[in-house]
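Quick note: the coordinates plus some simple rules give every number you see, no bench work behind them. Owing to the predicted nature of the structure, the values given are computational and were not obtained by experimental measurement. Because the Cβ atoms are built from the backbone with ideal geometry, glycine has one as well, and the counts that use them run over all protein chains shown.
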There are 2 protein chains.
Amino acid sequence: MAKLEDIAKLAEVSPTTVSRVINNYGSLSEKTKNKVFTAMKELNYQPNSLARSLKGKSSKIIGVIFPGVSNPFFGQMVETIENQLFDRGYKIILCNAGKNKEKERAYLRMLIANQVDGIIAGSHNLEIEEYQQVGLPIISFDRYLSENIPIVSSDNFQGGKIAAEVLLASGSKNIQMISGANQPNSPTNRRLVGFKEVIEDNNLKFGLTEIKYNASPNIKGMKIKEVLSNNSVDGIFCTDDLTSLLVFQQAHQLGLRIPEDIRLIGYDGTSFIQEFHPELATIEQPINDIVTLMIDLLLQRIKDPDCNLQQNYVLPVKAIAGETSRRISE
Amino acid sequence: MAKLEDIAKLAEVSPTTVSRVINNYGSLSEKTKNKVFTAMKELNYQPNSLARSLKGKSSKIIGVIFPGVSNPFFGQMVETIENQLFDRGYKIILCNAGKNKEKERAYLRMLIANQVDGIIAGSHNLEIEEYQQVGLPIISFDRYLSENIPIVSSDNFQGGKIAAEVLLASGSKNIQMISGANQPNSPTNRRLVGFKEVIEDNNLKFGLTEIKYNASPNIKGMKIKEVLSNNSVDGIFCTDDLTSLLVFQQAHQLGLRIPEDIRLIGYDGTSFIQEFHPELATIEQPINDIVTLMIDLLLQRIKDPDCNLQQNYVLPVKAIAGETSRRISE
C-alpha cells in the first residue's frame, strides 16, 4: 500500500505538504493541491475518505500523547486537559506513549490520517522529524519538537534557581542535584542552568547525578543509595517529586534524618504530592494554567492554521514549603 | 430537535431498542427496525448518518469512563486498558467523570450517538436506567449498572477477609474499618461482609467509619483524626491505599506510632504504592488481569452482541506484606 512518503516523492513535495493537503490544513496553492491529489490517485491512496468527508473541518477530537497517566503528574495533567477540553466541546483520544517508539509512531500516523483536529504532546521518543511531518496543529508541553510547534512550559530556569535558594537558606553546603538524563533543546535543561547559577554565585559546587526518567523505581533507588552513601551530601534537589520520595525512603533506610542530616526539595508539586505528602518541599508547576494556555493556543491554530504563535510560552512557578527543607538551628 | 425518547414514544418501543437500531446492535426484527426508522424519518432525526456509514460495524474506538486518572489506581487502570487495547487494534476516548453527572451523561450520549464500538465503565454518578438504555456493549469494573452488563471485580469478599486476618495476626483487638460510603448492589460492599465475618468469628467487634469517596483529602484527614483521637484503636483497615496514607500521616501528627501503637492495612496495591510506599501493607487487586478480562468480554460482546456472558467475574486478590501490619512482640 502506498505511504505518505510515496505520494510526496511522486508529487515532488514534502510529506508535510501531503499531510496538509489530506487534512485540508494551512495555506496551500491550488497547484500544489492538484499535484498531491494526482499522485494520490495514481498510487490509489485512500486516506480514509469517508472520515474526511464526515470530518469536514472538525472532528471535535484532540489527540493527547503523554508518557503515561499512571504517573501522578501526567495523570493530573491529562485529567485537567480532558476536563477543560470537555468544557470547550472537545473529547480526547489518549495515547500513553511510555518508552514505546513504535506505539507513538502508530498513534501519530493514525491521528494524521483521519481523526483529530489537533494534538497535545508531552512525550517524544521519536525523532523530531516525525513530528515536523505531521501537518496538523500541535502544541507541546515542555519538549522541543520542531520550529513550528509552540512549547508551553513552566519557568524551569526560575524553578532551578528557587530550588537552589531554598537549599542554601536551609543551611546546605554539600549539594547534589538528581535529574533525568538531559536532552538537547529540552526546556527542562533550564532547571539545571538556573540551579547552577545560584550555587556558583555563592561560590559553592554541586554534584549532578543523571538517572533516566523511565528507569524503574528500584533501579532509581539503587542509584540514589549510591549518592547518599558515597558523599557527605547535606542537600538534594530532585527534578521531580517521585524521585524526591525515593530519596526520602532511601535516606530513612540508611538511617539518615531529613531534614536534620539532609535537606530535600523536589519539583512538580501535583495535588497528589501536596495533599498526601505535605512534608515534601517542592517547586509547583501551575498545571491548570499550563493546560489552559496549551488549549487556547491549540484552538487558535485549529481556527487559523497560519496564525502567528511564539515558539516558547513560559509560566511562573512557586516554592511550596515543607518539613524536608526546614533549616536546622545549630 | 428530536431526542431518542421521542423516537421511542412514537415507535412504541423502548429507548434501548431505538439505540440498538441506531447502533445496529443486537437481534432486532425487521418490523421493529422499520417502526424505528419510520419514527426517525417522521421526526427528522439524524443520528450522525455520515458517522454511521463511515463506521460500518466498527470505529475501533472504545469509550472509557472512570472517576479520574489523577488517582493512581484509576491512572494505572486506564493506562493498562489503553496499552492492552492498543495491542488489539483499538484506541480509547477517555472520560474522567469525576463527580459530574452532567458530564457522564453527555459522554454517554455522545458515545451512544456515533463514535465507539463499546464502553468500559468504572464510574457511575448516574441513575442505573441511563446505562440500561445505552444499547452498546458495556463492561463494568466493580460497579453494578444493570442486569445485562457484566461486572469484573477482584474478590472483594476474600480481600475483606484477608485484611481482617492480617490485623488479627498482628495482634490488633480494637479494630476500625474506614470505607467509602456504601452503595447498594456494589461489589465493593463485599469487602465489609468478608471483614465482618472474620472479626465476628473471632468474637470481636469493630467500628465502621464511612467517608465519601470523593471527599477532599483534607476533609478525609479531619475525620480520620477524629477516629484516631476518640478511640483506643489498635488496628485499621482502609478500603483504599490513599486513605491508608492519610491515616499514616494523621497518626504521625498525633504522635501515634505505626505499627507499635496501631497496625494498618490498605486496599488496591497499585504499582505506585508498592514502589513508593513499600511500608504500607495492602490487598493487591490484579489490575492487569482485570483489564485483560474486561477487554476479552467486551470484544466478545462487540463480535456477538447476543453472546451469553455471566453477570459477575471475580479475580483473586493477594496480601502484600508491609511494615505497617507487623506484629509487635509484647
Can you bin segment A:61-120 into rounded, prolate or oblate? Criterion: square roots of the alpha carbon gyration tensor eigenvalues sorted a ≥ b ≥ c, rounded for a/c under 1.5, prolate for a/b above b/c, oblate for the rest.
oblate
Choice from B:Leu298, B:Leu28, B:Leu280 showing the highest fluctuation, given a GNM over chain B with Cα pairs closer than 10 Å:
B:Leu28
Take segment B:170-328, drop everything but the C-alpha atoms, weight them equally and run the Debye formula without solvent; then report log10 I(q)/I(0) at 0.11, 0.15, 0.19 Å⁻¹ to two decimals.
-0.49, -0.84, -1.24
Candidate cut points under GluC sites (Glu not before Pro) in segment B:132-221, DSSP loop plus at most 12 other Cβ atoms within 10 Å of their own Cβ, are B:Glu147
With the contact rule set at Cα under 8 Å and sequence spacing of 6 or more, what percent relative contact order holds for segment B:211-329?
25
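Have a look at the DSSP beta bridges in the protein assembly as shown and tell me what percent are antiparallel, nearest 5. Could the numbers behind the result be given before it?
Numbers: 7 of 75 bridges.
Antiparallel: roughly 10 percent of the beta bridges in the protein assembly as shown.
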Net charge (Lys, Arg +1; Asp, Glu -1) of residues whose beta-carbon lies under 9 Å from that of B:Ile211, B:Ile211 excluded, is +2
Which one, A:Asp261, A:Asp142, A:Asp117, has the greatest fluctuation when you compute a Gaussian network model over chain A with C-alpha springs under 10 angstrom?
A:Asp261
How far, in nm to one decimal, is A:Lys303 from itself in the other copies if the label point is set 7 angstrom along Cα toward Cβ? Shortest first, please.
4.8
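Quickly estimate the mean residue ellipticity at 222 nm for chain A, helices only: each DSSP H run with n ≥ 4 gives -39500 (n - 2.57), and the total goes over all residues, rounded to 500. Numbers along the way, then the final one.
On the way: 13 runs with 145 residues, N = 330.
One gets -13500 deg cm²/dmol as the mean residue ellipticity at 222 nm.
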Summarise the partner chain shielding of A:93-106 as one whole number: the mean count of Cβ atoms from other chains within 10 Å of each residue's Cβ.
3
Compute a Gaussian network model of chain B, connecting alpha carbons closer than 10 Å, and tell me which residue from B:Gly159, B:Gly89, B:Gly135 fluctuates the most.
B:Gly89
Test of understanding: ordering A:Ile92, B:Ile62 by Cβ neighbours within 10 Å, fewest first, what list do you get?
A:Ile92, B:Ile62
Rounded, prolate or oblate: which one fits the protein assembly as shown, using the alpha carbon gyration tensor with axes a ≥ b ≥ c (rounded when a/c is under 1.5, else prolate when a/b beats b/c, else oblate)?
oblate
Please report, for B:Leu43, the nm distances (one decimal) from its label point, 7 Å out from Cα along the beta-carbon direction, to the equivalent points in the remaining copies, shortest first.
4.7
Add +1 for every Lys or Arg and -1 for every Asp or Glu among the other residues with Cβ under 12 Å from the Cβ of A:Val152, and state the total.
-3
Teacher prompt: B:Arg257 distances to equivalent labels in other copies, 7 Å Cα→Cβ, nm
1.5
B:Asn214 paired with A:Asn312, simple spin-label distance in nm, labels 7 Å along Cα-to-beta-carbon
4.1
FRET efficiency for B:Lys60 and B:Val193 from the Cβ-Cβ distance with R0 = 30 Å, rounded to 0.05, comes out at 0.15
A:Glu30-B:Gln183 FRET efficiency (beta carbon distance; Förster radius 60 Å; 0.05 resolution)
0.50
Starting from the 7 Å offset along Cα-to-Cβ, what nm value, one decimal, do you get for the label separation of A:Lys173 and B:Arg257?
3.5
For segment B:167-207, listing trypsin sites (Lys or Arg not before Pro) in a DSSP loop whose Cβ sees at most 16 other Cβ atoms within 10 Å gives B:Lys173, B:Lys205
Please state the relative contact order of segment A:67-195 as a whole percent: Cα pairs under 8 Å, 6+ residues apart?
18
